[in-house]
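The next block holds one structure in the form of structure tokens; read it before the comments.
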Amino acid sequence: MVMAASTPEALMYQIVSRVEEVNHVASRMLGISPGVFGPVSLGPPKLNPAEVGFLRSISWLFVLYHEAGKVGVDFLADRLSTYGLDPNGRLSAHHRLVRQLRTFQQHNLDVGKSCDRATQQICEQWLRDQCGTPVPGTGGQWKRCLLALLSEALQFLEALRQTTRSIEQDESREEICREWRFRVKRYHPPHAFDDLIAKVATDMGREHVDPARLRTRFHEKWSEELDTLRPDYEFAIEARKLIERVLLTETTAVLPITGKDIMEEFDISPGPLVGELLQRARTIYDAKPCSRDILLGQLRQEVFGLHE
Amino acid sequence: MEARLDDFYRRLKRGPAFLLLGQNYLRLESGVDSFLSEVIRKYGGASAEKETYDEILDSGAVSSPESALAWMDDRCRRLSVPRWLKTAASYLWNGVYTSAIDSIWPSCFRTSWREIQPLFEEKYRPSDPRNRSLLHCTFLYGCVNRAEEGERPPLTRFDYRKRKQIAISLARRLPEAITPMGVLAIEGHAGDSDWFSLDDLLPILDELNAGQTHIFSVTQELLEHPDVKELTQKGKLLLHQEGLAETLVRGEGLGLLRLGGPPEGEESGRRIQLDDEVLTVPRDLWNQVSRSAIVLDDALLLQPPPLSDEARYREFRNFLSASDGKPQWSAYARGFAFPRHFEKTLRQAVDKSLGARTLIDDPVILHGQTGTGKTVALAALAYGVRRTGKYPVLFIERKTQRPVQSDIDRFCQWAEHCGAPACLLVWDGMLEPKDYSECLKYHSSRGRKVVLVGSSYRIEDKFAREPRFVLAPPTLNPSEIADFAPFLNMFHPSLGELLRRAEAPPDDSFLVALYRLLPPTRGSIRAGVSREAGHAEELILQRASKIRPEFRQVTALGRALLQAGVITEEQLLTSETKDVGGEAVSEVQDLTGLVMVPGRFGLRVPLELVVRALGKHGYSNFMDLLEGVDILRSFEDSVGNIDVGPRNALEAKLIVQARMGGARTETAFAKRLLLEVTDGGGGFPDSREIDFAVELVRSMGAQGQERAHFAPYFKDLSAALQQLREERGVEHPRLMLQEANLLREWAVDHAKRGEQDVDLEGSFHQVGSVLRRALDLLGDERRNRILRAHLLIELAAATAARARHVLGRPDRSHEAIPLFDEARNAIFEARKQDPSSLYPIDVLEWATEAMLESSVLDERAYAEAVADVLYALQTVEEEDLNLEQQERLHTLRLKFAHFVRMEEMAEEAFAALVAQGSSAGYYLRALRMSGLPETSDDLSDSSSVERLRGALGYLEEHRSHFSRDERCLGLLLDLWWMVQTQSRFFDRERKLLPLSDEQWQHCLGIIHDLEATSTSHRPTSIAFVRGLALFHLGSVQEALEVFREVERESEQVRGRRRVIRSYMASTPSGQPRRFHGDVRWVAEEGNRGEVWVEELRHGIRFLPRDFGRPNIARGDTLGEFHVAFNFLGPIADPPGHLRP
């Protein structure tokens, strides 16, 4: 049950206690530790003044939901409506909002882009709903926003707690927990890739590749691709394939010709054929690097030869 | 990349794309089917080495099926959707079929941009089976979340065997849904342990073409199956070890496809910014309105991604090539549309209407011949207005299926409630202006402020001179020509020069021809300019120079088609015909004919229909045929329906003229299409094919632009529809109306020529039979009123034409009288069905004239016939007519008055009629005394009022003699109202009525008598006046009941009269009555409410915005107000709204 709390500090206290309870119950149920939330390296947010408290709370909640608790929070949040805990979708919206507020507060948005524009609109609307303006300015306005954010977070975590307890009592608990454990097993946190990147890079003679930098760029994409594989895949092998592909495509030499050269040379319109010819040019060039004109000549020869 | 994957991505992108999920799909992620495990745990089942769905059959679940299914459904909510399926579901599929029975998977197909439509039984045939935003999900074996027998999964082996038949029947829809263009992806199929086994599945897959079916995550068992091997060898099955999601993700990574929904499904999708407010269109509303129109949301306004010069040129050519059909909004953002000068005039007319403060009944019409840039201008207008951020905009592309007006209305209502001052509806329908007027009246009658802009063929009559008619001239004017070269140079600095050298004079096909005149690549422009005889110039200049002198007469498009090799000079210059029936034509010619004949009228053929008309061989070769011909295109609408059509109607017309040369061949192609039409199952559901057939026949028929060309073949076309009805069982009233109309027109043409050797009598008789059968089929449902009226009018016209025909034969002229009576009955019935239509009166007028001229009627029958026509002309509710119809009404009145010369009728004639007991005598005499309709034009003129008063006195004096005659009573009511109120019915807003109780009582008496005749042609208006009278007489409860009845019936009142506050509650001295009250109820949206009126002791409607109090709440007082009346009933009206 959510206790009425009137100060940010009191709310934060309740939030932390919910996190601990969820972790404790889940850990016993799943037989793994930690249950839902891993350690959060960020210290608890300083809540005063309210503007700082708001910004730091967003960062802290983002790490809590989307990094430290990535698998478990998603798994439990998917089941809120199953147990009748989020009838109007407000709690799920909070889960998304934390990510959006973080983007809104910490990135330079391009309103010409569809997703950035939407993020801006959603966040400004939320701020307006809380304090009457999309651009809080006074301490009072920031405090209202901070209280609203922490209240929502507390309700969300309380709902996660109730969901965990409901699973504990569910007739299908074993099957649900099996799925949950499977998700945990399939999740490969960013750092899991770092060692592998270092090994692959060394094997390919590219010791100077910065694993963390490469992983930051590709982690989401790699995770998505691994999710589509069969259950028995070996992480070390499949992830290695993905890393090697990136290293091969990202670090190859720049071709002396462009697609524009190909369109002009062969008098063709933009389309898949341009990509195919560039691919062929890449093969020719990788075999023996050469100048622009020679490459175009060889490509022409290959294309016409094929046509003959 | 592998060629087969490349082909998969290509087909997926082109669509239609269907997904078949097998019963193994839940096992793919973790190797365990959690759902099946749980069911077996709960209900047990025969132990087997591997868990299969067979174990559910005859298990413990049978003992209590309903609770077992409920339990299973409950489990589904607890179990996870596989991650790979979320990825796979994020693709924009056109449809999903599944043998799975759980309710886990549908949730991941239901997104913010997509709703799902479950489909369980054969009897349901959706009209949009490929709708991407309303995804049809076919549950071959039912679903655990259903309890009905036909929808739930089988739990016994016998039920399973029964359901199998249905599953096969449902799956057999796949080939037609996928079409020869599409692709089927199968994932998670459990082979022979799947309920939809390979024995069931493979024969269906065999009906698809090579390369269309891809099976993913294939197992060893599948690879070794002999039939799978055979189909794989034939190229019909493509097997992949990889999973579908993996393949999709790879395709996305390569940039070959897009996952994650349509642009409107993105986060900025479905949003409409109006000034500073951002509105989000609710998903269900979005999906509903998208069936009928394109909503221009903010996603369309975003700047499209930048393009290289080459890609920009290609996109420009693509834009020119595909300027008909669904607009490419990004092309407008990129400035690809050459702005013609008439567009400024159009924009001014639209801005003026949008800024007007009143409801609008008259559409803005952009008219002009084909190929003048109307479609582009309309899309540019829609885009331009939306960009201002002031108004919501809907765009309706040209298609055979008409938009559902209630869809549009719901959107406009929502927009208004959100604060939009008006909505712009741009409809590129190429319809007659009256069709747009009807549409607009529908919206204005509901109080919607909609500005409608429509396209039309060139209109020559005098109405086209009104400012709201904007002409798109066929040729570029000198100033436009001067602007054109700089415009082209935006795409390549030499393009304007190259085109100038091509000596293509900017004639009336120039804009259509432009696509074919431009070199295919940007590179060839440079080559063409730098080398005098370069590749591009050879194409354009050399061929142009070979054109013989007489060929100069041919249009720029003709030359362009020639240069492209689409037609030869001989084809273009001669009129050689091909006999489709007897002589073999090539497949390409066949396909071209089937598409180009409708295409010349701007119609596109539903893909399923053209494929059926081509036959089985045509199905298997369809893609080769389509891709081999540059002049055909496929079009997909917003709900996934696919049509095939020409690039442009003008191009189609030229090709038809060149390749076919005559109406006979064109008719033969049309007949082939008509004979393949299906109606989509029982009843009269909306069907694209029926719509298409109706539009095709109308275009080729008497209402079409080329009546004379096709007139000799009307009977052939009618016979095709008859054959469709009698032999193929497609009995649809709309088609039957066309069948009858064609045959009648054919018979009338022959009758006019006095031909004796054709069976005209038989034809007229057949027309009557078809129409009566259609009326029987239609029943008396309220929603079919308009169609019933059309059928009745056609029946009346056919019967009257038959009467006129026999009148020409002296020995049989007496037979005309019963036919005339029959025709009149049909006309009167038609007027009841649709009182606002002028057509019945038109038919009545000419039919009566023919009878009067023949002298077969006796004196009394003559007078009755005359009185009927005059009364019909008198009671037309002019307020509901557009200007053109008003003009037509005026012409009819003059014509008939001239014909009967009533002013010259002697008093003795009236006296004789009266003596015979003919109430027509009273009517005709009173009408002549009144001087109507001219005297009603100015009721402030005392001499006019005196004439009306005299006629009123005459009728009052003789009222007992015509107590059951609607004409006399109707005239009496009109005269009384005009004399007492100095106004005609509904002629202004907020009219005060200075009537005493006695006067209201008298009025009520006339209305009671009139309604007792049960033949009134304007029952809704009369009931409205009855409500007014009762209200003023203090019978408020009774009055409110009458107004409720009026509101229900007023659905058929088209035009703003329905919502205009015509009258005010008044004192006998003609002052507004004052009322007081407080709010009893306010809608959640704050847009409407009810106020308790102390003086009436009843609640009535009020609109918070009228009182400038959007936040008004229950219990708040409304202060002092007036009460006004419209067809929706009494409504509180702020005192300030009444102007002196």
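Scanning segment B:1059-1068 turns up no residue that is among the small types (Gly, Ala, Ser), on the phi > 0 side of the Ramachandran plot and at pLDDT 90 or above. If you filter segment B:241-257 down to residues that are closer than 16 Å to residue A:271 by Cα and assigned to a loop (DSSP other than H, G, I, E, B), you find that the one that is farthest from the other protein chains (Cβ to nearest Cβ) is B:257.
Screening A:241, A:288 for residues that are closer than 30 Å to residue B:217 by Cβ and more than 10 Å from chain B (Cβ to nearest Cβ) leaves exactly one candidate, A:241.
The condition of being in contact with a helix residue (DSSP H, G or I) (Cβ under 8 Å, 6 or more places away or on another chain) and either crowded, with 21+ Cβ neighbours inside 10 Å or under 27 Å from residue B:80 (Cα atoms) (or both) does not hold for residue A:24.
Remark: residue B:73 falls outside the filter, which requires a residue to be crowded, with 23+ Cβ neighbours inside 10 Å and either over 24 Å from residue B:176 (Cβ atoms) or among the acidic types (Asp, Glu) (or both). I'd like the residue in segment B:225-240 that is over 16 Å from residue B:190 (Cα atoms) and assigned to a loop (DSSP other than H, G, I, E, B) and, out of all such residues, is nearest to the other protein chains (Cβ to nearest Cβ). Among them, the one singled out is B:235. The helices (runs of 4 or more DSSP H) found wholly in segment B:305-366 and carrying at least 3 residues that are of a type in the set (A, V, I, L, M, F, W, C) and either within 14 Å of another protein chain (Cβ to nearest Cβ) or without any contact (Cβ under 8 Å) to a residue 40 or more places away in the chain (or both) occupy B:309-321, B:329-333. Restricted to helices (runs of 4 or more DSSP H) entirely inside segment B:37-131, those with at least 3 residues that are within 11 Å of chain A (Cβ to nearest Cβ) are B:65-78, B:83-89.
Here segment B:281-297 is the region considered, the condition is being modelled with pLDDT under 85 and either within 13 Å of chain A (Cβ to nearest Cβ) or touching a strand residue (DSSP E or B) at 6+ places or on another chain (Cβ under 6 Å) (or both), and the residue that is farthest from residue B:132 (Cα to Cα) is B:283. Tallying residues that are touching a residue at least 40 places away in the same chain (Cβ under 8 Å) and over 21 Å from residue B:290 (Cα atoms) within segment B:420-437 yields 4.
With respect to being at pLDDT below 90 and in contact with a strand residue (DSSP E or B) (Cβ under 8 Å, 6 or more places away or on another chain), residue A:106 falls outside the description. Within segment A:244-266, the set of residues being at the interface with another protein chain (Cβ under 9 Å from one of its Cβ atoms), surrounded by 17 or more Cβ atoms within 10 Å (Cβ to Cβ) and of a type in the set (D, E, K, R) comprises A:264 only. Those helices (runs of 4 or more DSSP H) of segment A:45-150 in which at least 3 residues are within 25 Å of residue B:105 (Cα to Cα), within 14 Å of chain B (Cβ to nearest Cβ) and under 25 Å from the mean Cα position of the chain (by Cα), considering only elements entirely within it, cover A:70-77, A:90-106. Note on segment A:202-233: residues that are farther than 30 Å from residue A:289 by Cβ, more than 11 Å from chain B (Cβ to nearest Cβ) and more than 22 Å from the chain's Cα centre (by Cα) amount to 0. Within segment A:268-285, the residues that satisfy the criterion of being within 14 Å of chain B (Cβ to nearest Cβ), in a helix (DSSP H, G or I) and surrounded by 19 or more Cβ atoms within 10 Å (Cβ to Cβ) are A:274, A:277. For residue B:383, the stated conditions hold: it is surrounded by fewer than 24 Cβ atoms within 10 Å (Cβ to Cβ) and in contact with a Pro (Cβ under 8 Å, 6 or more places away or on another chain). Of everything listed in (1) without any contact (Cβ under 8 Å) to a residue 12 or more places away in the chain; (2) over 20 Å from the mean Cα position of the chain (by Cα); (3) part of a helix (DSSP H, G or I), the single unmet condition for residue A:265 is (1). Every condition in (1) within 14 Å of chain B (Cβ to nearest Cβ); (2) under 19 Å from the mean Cα position of the chain (by Cα); (3) in contact (Cβ under 8 Å) with a residue 40 or more places away in the chain holds for residue A:167 except the one numbered (2).
Okay, residues lined up against (1) in contact with a Pro (Cβ under 6 Å, 6 or more places away or on another chain); (2) buried (at least 17 other Cβ atoms within 10 Å of the Cβ); (3) on the phi > 0 side of the Ramachandran plot; (4) in contact (Cβ under 8 Å) with a residue 40 or more places away in the chain:
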| site | (1), (2), (3), (4) |
| --- | --- |
| B:219 | no, no, no, no |
| B:224 | no, no, no, no |
| B:248 | no, yes, no, yes |
| B:252 | no, yes, no, no |
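The values are calculated or read from the model by the stated rules, or taken from the named source; none is laboratory data. Being a predicted model, the structure only gives us computed values, none of them experimental. Virtual Cβ from ideal backbone geometry, glycine too; neighbours counted across all protein chains shown.
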